[in-house]
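Only the coordinates and a few stated rules stand behind these numbers; no lab work does. Not measured: the values here are computed from a predicted model. Cβ coordinates were reconstructed from backbone atoms using ideal geometry, including for glycine residues, and neighbour counts include every protein chain displayed.
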Ligand code: ANZ
C-alpha cells in the first residue's frame, strides 16, 4: 500500500466531521467521562509543538474511554481576550475582534489537522457576547454577595504594559508578560475577595486527586498559618499587636519590629522622627519581593522615645522598624525571637541585640536554632521543661486569661485585583451614579464592548473605553432619570477561563450559564491536564469561582476538577526553553505535512516521560513514521483468521494489559514501546491474521488514529475503530507460558533452556542433561545434588 499520509489523514478527518462521532451528547443512561485540556489562547503564532503534547495525551485517553463504553466529553474552545491580541491589533491598526477571528481559524485548522477527537459541537470563544454575558453575570452575583468591591489601594503596576497586575502575575518582582520591573501605584480597583474562600480552597485539596506538587504549590500560595495575636504594652501608654506562630517562644522575644508603614508611627512622638521618615521613604521604593525574599542584609531604625514591654519577662524591649516586616501580612508587627528565627537572628547580630535561647538542643553561637518542633522549653520560668506543643497551648491559655492574646489564623493569599485598564476584555457591568456603584440589571446583559478607533491605553492609565462618551454616559440601572457613568476598566484575562469548563456542558444556553441537569451529569471534570504555570493562577481562580457558584446553587459539585495532571515542557533541541527570541520554536504544521499527523503524534507521545520536560529532536517524527510504515507492510503478509494464534496469545494479552494501563497513567512512551515489541514478535512468525491485525491497530488507534482507521478499512471491516470496543485481556494469558531458565554446574551458568511454565523437576532435569554442554561437563562425574527452583534455576552439583 502506498502511504499517502496527507490524503489518508484528510479523508478520516472529514469522515469524523461528517459522522459527528466525537460530538458529545447528554446520554443520561451512559456513564460519562469528562476530559479537559486548557483551551488555547489564539495568538498570532499559531500552535507550537508543545500544544500537541498536551492535547494528544488526553486525546489518547478520550479515544480509549470511548471504546471502553464511556460517554466522553472532550471539548475545546478559545480563550481570546488579553493583551497579546490587543497589542498586535494596535501595532497593525486592526480590530482585535478581527485579529481574534483570523487567529482562531488558523488554530482550528491546525487542531483538526492533528486529528484530535474534540467535541467540536461545543466550541466556545470567551470574547463572544453570548459567552461573556455569563462572565459578567457571575461578576454581578459576586458583587451581590459582597465578594466584588472597589477599593483604593496600592497595586502592582507594570509601567510598560500600563496595566495593574495581580500578585500571581508578578514573578520575582517582574511583570509576568513583559519582564519589566513592577512598581506600586495607588489606584481605585475592583477586587474579588478570594480570601473569603481561603479555607475552602485549602480544605478542598484533600478531596481531589491532583498530582502532589500542584496541591503543595496551592497550599503554599494560600499559606494558611495557625498562630496567635498578642498585644504588647508600650511605655507611652499605647499597645502594639503582633502576629506570631510561636507564642511558646515569648520569653525569647528580646525586641520588637514594626513594618515601616505601620500606622502607629504617625501617631507616636518620636525623638528620631527624621531618621524614621527617611527609612520609610527608602522602604517605599522596594517591592514586597525585594523586602521579603532578597533581603539578606538587614536594615532598620530603632525608635527613640518608646519601648515595648514583654508581658512574660516584664522587661522593656526596644522597638525597631525594618523593611523585612511587611504591612500586608499579619498585623504588620512582630515580636522578634532571634534565637529561633533566622531573620531575627541576622537582625539581632547586626544591631547587637540580646539573643535568648528558649528551646533546648541547638547551638545558637553561629545561627538561629529553628528545627525546634520536638524541643523542650528553657529560660521560660514556670514553662521550663514543657514540650513546644504543650507550651504553645499553655502560654496561649495564659494570654487569654490576661486578656492580651488569642488564637489567629492567617493567610498569605490576597484578594484578587480584578480591574485592567485595557480595551480587549469583558466590560465590568457597573454604573456609577449619585456617588455610588450600582450593578447593571441582569436582563440588560451582555454589556458589549463598543467599537473604538484606538486601542491604546490613555496616558493617565485609564482604559481606552474612558474616551468614548457614548459608552461612558448612561443612566442609573435603578432609575433611568438619573445619569450615570459606566466603569471603564475591563476584567483580567483570567475571567473567561474561570468557568469555561461549565459552559462546555451546555454551550448554547441563553437562559443560564448552563442547565443544572446537564451540569449534574457532566461534572466534575474527571481529568484536567494543563501547565504547572497555572497552578496559582487559573487553577486557583477557577476553583474559587466554582466554590462560589456552588454556594449560590448554580453548580452541583464543590470542586470543578477531580484529577489534575501536568505535562513536561518540550524544550528546544539544545535543551533550552522554546522561545521566539531563541529562534528554536517548532511549528507542528511542518511535521504534519512532511511525515503525517500520526507520526508526529506518535513522536510527541514517545519522546520521553510525559510529566518531564524533554528536548525536541527534529529527526523524531521521521523515525516514528518508519514505525508506521512497518505496521503498514504487515498488509503484505496478512492471512485470514478470526482468532489470535495460540503462540501469540501471551504477547497480545501482555500488550493489551500494558497499553491499557499505560495510556491511563501518562506512560505513553512505554505503551508505544510495547506495541513495537508486539510488532516485532508478529514479524518473527512471518505473517499476521486479520484478527491479530485488528487487535494491533485498535491498540495503536488512540495515538495514530488516521492510519489505523485506513488499515481497518483495507482489512474489510465496516465499522470505524473509534466505534468499536477496546480489547480485553485475560490475566492468565498475560503470564508467559514458555520461559527460559539458566542451568548451572557447581554454581556456574553453563546453558539456558526453554521450559514450559511450572514444568516439574524431573522433566527439567531430563531436558538439561540432554544438552551437549551439560552432558560433556557431567560425564564421568558423580552428581551429588540437584537444586531446582521452579521457573527460576537449576543447579547441578558434581564431584
Ligand atoms: C515569633 C517567632 C519565633 C516567629 C520563632 C517565628 C519563629 P508564617 O508561618 O509565614 O505565618 N511574621 C509575622 N508577621 C510578619 C510580617 N508582617 N512580616 C514578616 N514577618 C512576619 O510566619 C509567621 C511568623 O513570621 C511569625 O511568627 C513572625 O515571627 C513572622 F521562633 O513570631 B514569628
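The stretch 114-189 and the stretch 632-652 have Cα centres spaced 56 Å apart. Against the chain, whose longest principal axis is taken from its Cα atoms, helix 50-67 shows a tilt of about 60°.
Annotation for the stretch 332-390 versus the stretch 226-268: alpha-carbon center distance of 17 Å. Computed extension length for residue 640-residue 593: 13.5 nm, one decimal, from 0.36 nm per residue of separation with the Cα-Cα distance subtracted. The ellipsoid that matches the Cα gyration tensor of the stretch 673-720 has semi-axes, each √(5λ) in whole angstrom, of 18, 14, 7, with the longest given first.
Normalised size of the stretch 446-517, defined as Cα radius of gyration per 2.2 N^0.38 Å with N residues, equals 1.45. The convex hull of the Cα atoms of the stretch 351-492, projected and averaged over all directions, covers 17.5 nm².
Along the Cα-to-Cβ line of residue 736, 7 Å from the Cα, sits a label point; which residues in the stretch 751-775 have backbone N less than 12 Å from it? Those under the cut-off are 753-757.
Taking 7 Å steps out from each Cα toward its Cβ at residue 799 and residue 586 produces label points 6.7 nm apart. Between residue 749 and residue 26, residue separation times 0.36 nm minus the direct Cα-Cα distance comes to 254.0 nm.
For residue 284 and residue 532, the FRET efficiency from 1/(1 + (r/R0)^6), where r spans their Cβ atoms and R0 equals 30 Å, is about 0.35. Can you give me the angle between helix 705-714 and the longest principal axis of the chain, using Cα atoms only, in degrees from 0 to 90, rounded to the nearest 10? For helix 705-714, the angle is close to 20 degrees. Here the stretch 668-799 is treated as a sphere whose radius is the Kirkwood value from Cα pairs; by Stokes-Einstein at 37 °C and 0.692 mPa s it diffuses with a coefficient of 179 µm²/s.
Using the 10 angstrom Cβ neighbour count as an exposure proxy, how do 468, 334 rank, fewest first? Before the final figure, lay out each step's value.
Values: 468 17, 334 25.
By the 10 Å Cβ count, ascending: 468, 334.
Normalising the average separation of contacting C-alpha pairs (under 8 angstrom, six or more residues apart) by the number of residues puts the relative contact order of the stretch 736-798 at 40 percent. Between the Cα long axis of helix 129-144 and the first principal axis of the chain there is an angle of about 50°, rounded to the nearest 10.
In this structure, residue 94 and residue 552 have a Cβ-Cβ separation that, at R0 = 35 Å, corresponds to a calculated FRET efficiency of about 0.35. Give me the tail of P(r) for the stretch 523-599 as a percent: Cα-Cα pairs with distance above 16 Å. When all Cα pairs of the stretch 523-599 are counted, 67 percent exceed 16 Å.
For the stretch 430-576, how big is the tail of P(r) above 21 Å, as a whole percent of Cα pairs?
Result: 61 percent of Cα pairs exceed 21 Å.
Using all pairs of distinct alpha-carbon atoms, the Kirkwood hydrodynamic radius of the stretch 9-78 works out to 13.6 angstrom.
Size check on the stretch 76-234: the Cα extents along the three principal axes, sorted descending, read 69, 40, 34 Å. Placing R0 at 51 angstrom, the Cβ-Cβ distance between residue 315 and residue 184 gives a FRET efficiency of 0.85 after rounding to 0.05. Remark: the stretch 246-327 is approximated by an ellipsoid whose semi-axes, taken from the C-alpha gyration tensor as √(5λ), come to 22, 18, 9 Å, largest first.
How many percent of Cα pairs in the stretch 634-710 exceed 17 Å? Please report the intermediate quantities before stating the final value.
On the way: 1221 of 2926 pairs.
Above the 17 Å cut-off, the stretch 634-710 has 42 percent of its Cα pairs.
Relative intensity of the stretch 187-283 on a log10 scale, I(q)/I(0) at q = 0.11, 0.14, 0.22 Å⁻¹, equals -0.61, -0.86, -1.14, per a Debye sum over C-alpha point scatterers of equal strength in the absence of solvent.
From the convex hull of the Cα coordinates of the chain, what is the mean projected area in square nanometres? With the hull built on Cα positions only, its mean projection is 47.3 nm². Subtracting the Cα-Cα distance of residue 106 and residue 275 from their residue separation scaled by 0.36 nm leaves 54.7 nm.
Comparing the stretch 500-656 with the 2.2 N^0.38 Å rule of thumb, its C-alpha radius of gyration ratio is 1.49 (two decimals). As a proxy for reagent exposure, 259, 225, 481 were ordered by neighbouring Cβ count within 10 angstrom, fewest first; the result is 481, 225, 259.
Put simply, the Cα atoms of the stretch 736-798 extend 36, 20, 19 Å along their principal axes, the longest span coming first. On the principal axes of its alpha-carbon atoms, the stretch 94-177 has extents of 48, 34, 27 Å, going from largest to smallest.
Relative protection proxy for 142-149, 487-494, from highest mean packing down: 487-494, 142-149 (other beta-carbon atoms within 10 angstrom). Considering only alpha-carbon pairs that sit under 8 angstrom and 6 or more positions apart, the relative contact order computed for the chain is 14 percent. In the stretch 224-411, the alpha-carbon atoms span a convex hull of 113 Å³ per residue.
As a rough guide to protection, the peptides 526-535, 319-328, 335-344 ranked by mean Cβ packing within 10 Å, highest first, stand as 335-344, 319-328, 526-535. Computed on the stretch 618-733, with alpha-carbon pairs under 8 angstrom and 6+ residues apart, the relative contact order is 33 percent. Antiparallel beta bridges, as assigned by DSSP with both residues in the chain, represent about 75 percent of the total such bridges. Model label sites at residue 456 and residue 761, defined 7 Å from Cα along the beta-carbon direction, differ in position by 9.4 nm.
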